[in-house]
Structures are given as C-alpha cells and as structure tokens.
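The structure appears right after this line, and notes come after that.
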Amino acid sequence: MTQETFQLEFGSDGRFSGAIDAARIIQKFHAPAAIPVVDAATIAAVSSPREFPPLHQCLVPGDRVVVVLDRRTPESLAVLAGLWHEIARREIDPNDVTILQPADHSAAPAADPRGLLPAPVRERIHWHVHDPTASSACSYLGTTAAGERIHLSRIVVDADAVIPVGRVEFDRLWGYRGLHSAIYPGLSTVDALRKSHGQPHDELRAEDPRPLRQKAEEVAWLLGVQFGVAIVPSAGRGVHAVFGGQIDAVMRDAVRILNQAWRVSPAGSPELVLVAVDSDAAGHGWEQLAAALHSARNLVARDGRIAVLTQLDAPLSDGLQLIRDSRKPRDAMRPLREQLPPDLLTATSLAQAVEWANVYLLSRLEPDLVEDLFMIPLGGVDEVQRLIAGEESIAILESGQHLCAESLGDHAVGSQSRP
C-alpha cells in the first residue's frame with residue numbers, strides 16, 4: 001500500500017496535512033501558482049497588448065480616464081500601479097483619472113485601492129464607489145437591441161476612456177464573469193441590480209450563451225469600451241496571469257487560461273470529496289463556501305460525503321436564514337425563488353449540496369448553527385484526519401471556491417432530492 005501525503009491550506013492561515021492510500025485518489029487538484037511581480041506583469045500586458053496599440057498611444061493629455069475596478073480583483077493595488085505606469089507615459093493629469101468600483105452586495109466593504117500608486121499622485125487620482133441608490137448617480141447611455149433603456153454611472157458615460165479591470169472567474173449565473181460584468185449591472189441602477197438576480201443555469205456549460213452576460217457585453221459596446229485588463233486568480237489572494245488589450249481578445253485569452261488552470265473533469269464519482277477554501281480577494285465568507293460546495297457536489301457520488309475546510313466566521317445572510325428556518329433544505333427552495341434575496345446563488349448552492357451529500361464543515365461557527373444548516377460540524381483537523389481514514393474513493397481539491405467541476409449527468413438541478 002502506497003501512502004500519499006498532501007497538504008491543504010484554508011482560510012487565512014489554516015493548514016491540514018494528511019496521508020492516505022494513493023489507490024483511493026481519483027481526483028487531486030492543485031491550484032495554479034501565483035506570479036511573483038504583479039505590477040511588472042501588468043506593465044508588460046498593457047504596453048504590449050493583445051490586438052491593440054500600447055495603451056499610452058491611445059490616450060491624449062486632457063482625456064478623462066475612468067478605470068472600472070472590480071472589487072474582486074486580486075492584487076488590485078499592484079495591478080493599478082502597473083496600469084498607472086503606462087497611463088502616465090502620456091502625461092495624463094492625475095486629476096483627470098478616476099478609479100470607479102461597482103456596487104457589490106456580496107463583496108467586503110471597499111478599501112482604498114490607491115495604496116501602491118506613486119505618492120505624488122496618490123491623492124490626486126479620484127476614487128469612487130458607485131451608489132445605485134443616489135438619484136443623480138446614473139444617466140441614460142442608450143437602448144439595447146431588445147429595446148431596454150440602459151442607465152449607467154455618469155462618471156463612465158462622461159469619460160473619454162473607460163478601462164475595465166477585473167478578475168475572470170467561473171460563475172453559476174454568468175458562466176464566466178469578467179470585464180463586462182465589472183461594468184453592468186454594478187454601475188447601473190437598483191432596478192438593474194435587482195433584475196440581475198436569478199436562478200443558476202446548471203443545465204448549461206460555462207461557455208454556453210447566458211442572457212445576463214450577453215446584455216453586459218452589449219452595454220460595454222454601447223459605452224464604447226475597447227481596452228481592458230483581465231486577471232486570472234491563483235490560490236489565495238494571488239494572480240496567476242494578467243492580460244491587457246482589446247477587450248474581446250483579452251477575455252478569450254483569460255478564459256482559455258481559466259479553463260486550463262481551474263477546470264476539472266472527474267474520472268469518476270468519488271465517495272468522499274475533501275475541499276479546502278482559502279481566503280481570496282473577495283473575502284472568506286458564505287459565498288466562497290457555497291461555491292466550493294457546488295464544485296464538490298458536482299464530483300461526489302450521490303449520498304457521499306463532502307468535507308470542507310474553512311475558517312468561516314460570518315453572520316447568516318437572508319437566504320441562508322431561510323434554509324435555517326426550513327424543516328428540510330429543499331423546503332427553502334420555493335421561498336428563495338419567490339423572495340430572490342441578494343445571496344440567492346449562495347443559499348441555493350448550499351441547499352443543493354446538503355440535499356445531495358452529507359456535508360462536514362470545519363469552521364469557526366457555533367456547532368449548533370452548522371447543524372441548523374443541515375451540515376455536520378468538525379471540531380478540528382484531527383476530526384478531518386479520522387473522517388478520511390476509511391477506504392472510500394476520494395477527491396482532494398485546493399481553493400475549491402474557484403473551481404469549475406463538470407457536472408455529471410444526474411447532478412443537474414431538478415434531480416430528485418434525497419428522501
């Protein structure tokens with residue numbers, strides 16, 4: 001019997017080391033490595049961009065430049081420092097530059113992203129977080145081919161150059177989130193944000209057309225956005241790759257690397273999935289846990305076991321409270337569909353996972369709360385070691401919140417729940 005040792009990092013400083021029979025492992029996923037110098041990689045990406053002239057050649061002094069920064073972007077301070085290095089080559093006045101961040105209910109409160117900019121310009125470059133509730137925040141941009149009137153942040157509508165910067169990632173609703181989703185609906189109205197909430201499209205693959213993604217692409221076209229900077233994340237808070245250039249070409253390159261680095265196709269259905277969730281640029285909360293559970297659910301056999309390693313310590317959001325108040329997880333699905341809480345995708349993913357498999361959770365939550373959400377609390381890493389010490393086939397996953405695990409045929413939404 002050959003023993004294979006492994007190590008999983010979770011949360012901000014959690015670590016689990018284990019050893020199991022190598023013959024039991026049918027899937028072992030290692031998260032992609034981080035590049036060491038992000039600002040230098042960004043400078044290289046925007047000075048020699050894809051299908052576009054160097055960025056500084058596309059600007060003129062006096063241009064009002066708006067950098068739309070997705071709040072989920074890893075190493076965003078270093079990315080902005082590299083981007084400014086290229087913008088400054090055109091002698092753009094820092095007072096004419098605004099860093100604009102979209103509204104995002106699920107992200108941590110926005111922190112000032114200007115920390116690594118040169119000291120002489122740091123306070124002169126404006127920083128603004130879009131507030132869709134402000135009556136004067138948006139102005140009319142245009143009308144889509146479907147006849148929908150689009151209102152967008154006045155700051156971007158009035159800009160001479162708009163440069164979206166964001167993380168490209170898998171998403172159950174969007175398929176792929178990226179540069180277009182940094183602009184819409186997060187820079188639009190409360191009504192646009194409300195309409196963007198919906199049930200996940202688990203019957204579709206990530207690359208299949210999605211209505212919301214297509215609308216965001218049309219909005220970016222109406223705005224005249226041509227240049228973007230796309231980030232593919234590594235494990236933790238790092239950056240695996242940076243792409244700059246024509247927005248469609250950049251998205252194609254980023255999606256290609258995302259699929260290579262973060263997509264897994266199971267060789268079979270393991271009876272046990274051990275998945276770690278580390279702290280990333282969007283935080284370490286319920287959203288990350290739910291995304292990891294969705295990936296694990298797509299791999300594990302029916303009525304199998306999922307063990308999730310986290311340092312989660314966060315209050316319940318509205319959709320999760322609906323699950324807690326339900327007699328069974330599936331009883332929460334109807335009120336979730338009717339009420340459409342902001343955490344709809346998070347709550348849906350959790351409910352589907354605990355209906356499909358037995359979920360064990362290592363966290364900093366009170367055990368009673370974990371049990372109220374139909375999961376089994378783990379008291380520490382020693383209990384994790386005992387949990388994996390059987391003879392079950394196993395999949396071991398790092399940074400599970402970023403993964404796209406291909407759904408097996410009977411894992412689709414709407415399949416029969418456990419009795």
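The values are calculated or read from the model by the stated rules, or taken from the named source; none is laboratory data. From a predicted model like this one, the values you see are computed outputs, not experimental measurements. Because the Cβ atoms are built from the backbone with ideal geometry, glycine has one as well, and the counts that use them run over all protein chains shown.
As an exercise: evaluate Ser135 against (1) in contact with a Pro (Cβ under 8 Å, 6 or more places away or on another chain); (2) free of Cβ contacts under 8 Å to residues at least 24 places away in the same chain and give the number of the one condition it does not meet. It is condition (1) that Ser135 fails.
Which condition does Arg90 not pass, out of (1) modelled with pLDDT of 95 or more; (2) surrounded by fewer than 21 Cβ atoms within 10 Å (Cβ to Cβ); (3) within 18 Å of Ala161 (Cβ to Cβ), if it passes all the others? Single failed check for Arg90: (1). Among all residues of segment 152-160, there is none that is crowded, with 22+ Cβ neighbours inside 10 Å, among the acidic types (Asp, Glu) and touching a strand residue (DSSP E or B) at 6+ places or on another chain (Cβ under 8 Å).
Restricting the search to segment 6-34, which residues are of a type in the set (A, V, I, L, M, F, W, C) and outside any strand (DSSP E or B)?
Here is the first cut: in segment 6-34, the residues of a type in the set (A, V, I, L, M, F, W, C) are 6, 8, 10, 16, 19-20, 22-23, 25-26, 29, 31, 33-34.
Answer for segment 6-34, where residues must be of a type in the set (A, V, I, L, M, F, W, C) and outside any strand (DSSP E or B): Ala22, Ala23, Ala31, Ala33, Ala34.
Pairs meeting the criteria (first residue in segment 196-220 and under 17 Å from Thr348 (Cβ atoms), second residue of a type in the set (Lys, Arg) and part of a helix (DSSP H, G or I), beta carbons under 8 Å, at least 6 apart or on different chains) are Gln199/Arg337. One residue alone among Leu116, Leu152, Leu141, Leu77 is touching a Leu at 6+ places or on another chain (Cβ under 6 Å) and assigned to a loop (DSSP other than H, G, I, E, B), and that residue is Leu116.
Screening Asp280, Asp253 for residues that are among the acidic types (Asp, Glu) and not assigned by TED's automatic domain parsing to the domain that holds Pro113 leaves exactly one candidate, Asp280. Every condition in (1) more than 19 Å from the chain's Cα centre (by Cα); (2) in a helix (DSSP H, G or I); (3) not acidic (Asp, Glu) holds for Val67 except the one numbered (2).
Among the numbered conditions (1) closer than 17 Å to Gly166 by Cα; (2) assigned by TED's automatic domain parsing to the domain that holds Ile388; (3) among the hydroxyl-bearing types (Ser, Thr, Tyr), the only one that Ser12 does not meet is (1).
Residues of segment 362-410 that are under 22 Å from the mean Cα position of the chain (by Cα) and surrounded by fewer than 22 Cβ atoms within 10 Å (Cβ to Cβ): Glu406, Ser407.
Filtering segment 164-186 to residues that are out of contact with any helix residue (DSSP H, G or I) (no Cβ under 6 Å at 6 or more places or on another chain) and closer than 23 Å to Ala134 by Cα leaves Ala182, Gly186.
For a quick check of your reading: which helices (runs of 4 or more DSSP H) sit entirely within segment 283-346 and have at least 1 residues that are closer than 14 Å to Ser363 by Cβ and touching a residue at least 24 places away in the same chain (Cβ under 8 Å)? Even if it seems obvious, please write down each step before you answer.
Numbers: elements: 286-299, 318-324, 333-339.
It comes to 286-299, 318-324.
Look at segment 75-104: where a residue is under 14 Å from Asp63 (Cβ atoms) and a partner is surrounded by 21 or more Cβ atoms within 10 Å (Cβ to Cβ) and among the hydroxyl-bearing types (Ser, Thr, Tyr), sitting 6+ places away or on another chain with Cβ atoms under 9 Å, you get Glu86/Thr42.
Candidates in segment 112-121 are the residues that are surrounded by 11 or more Cβ atoms within 10 Å (Cβ to Cβ) and under 26 Å from the mean Cα position of the chain (by Cα); of these, the one that is farthest from Trp286 (Cα to Cα) is Leu117. What number goes with the only condition from (1) touching a Leu at 6+ places or on another chain (Cβ under 8 Å); (2) closer than 30 Å to Ser399 by Cβ; (3) surrounded by 15 or more Cβ atoms within 10 Å (Cβ to Cβ) that Leu179 does not pass? The single condition Leu179 does not satisfy is (1). Counting residues in segment 122-144 that are touching a strand residue (DSSP E or B) at 6+ places or on another chain (Cβ under 9 Å), of a type outside the set (A, V, I, L, M, F, W, C), farther than 21 Å from Ala282 by Cα and crowded, with 20+ Cβ neighbours inside 10 Å gives zero. Quick check, is Val229 assigned by TED's automatic domain parsing to the domain that holds Leu83 and in contact with a helix residue (DSSP H, G or I) (Cβ under 7 Å, 6 or more places away or on another chain)? Considered against the rule, which asks whether it is assigned by TED's automatic domain parsing to the domain that holds Leu83 and in contact with a helix residue (DSSP H, G or I) (Cβ under 7 Å, 6 or more places away or on another chain), Val229 comes out as yes. The lone criterion from (1) surrounded by 15 or more Cβ atoms within 10 Å (Cβ to Cβ); (2) modelled with pLDDT under 95 left unmet by Ala22 is number (1). From the list Gly228, Gly236, which one is within 18 Å of Glu169 (Cβ to Cβ), in a strand (DSSP E or B), in contact with a strand residue (DSSP E or B) (Cβ under 8 Å, 6 or more places away or on another chain) and small (Gly, Ala, Ser)? The match here is Gly228.
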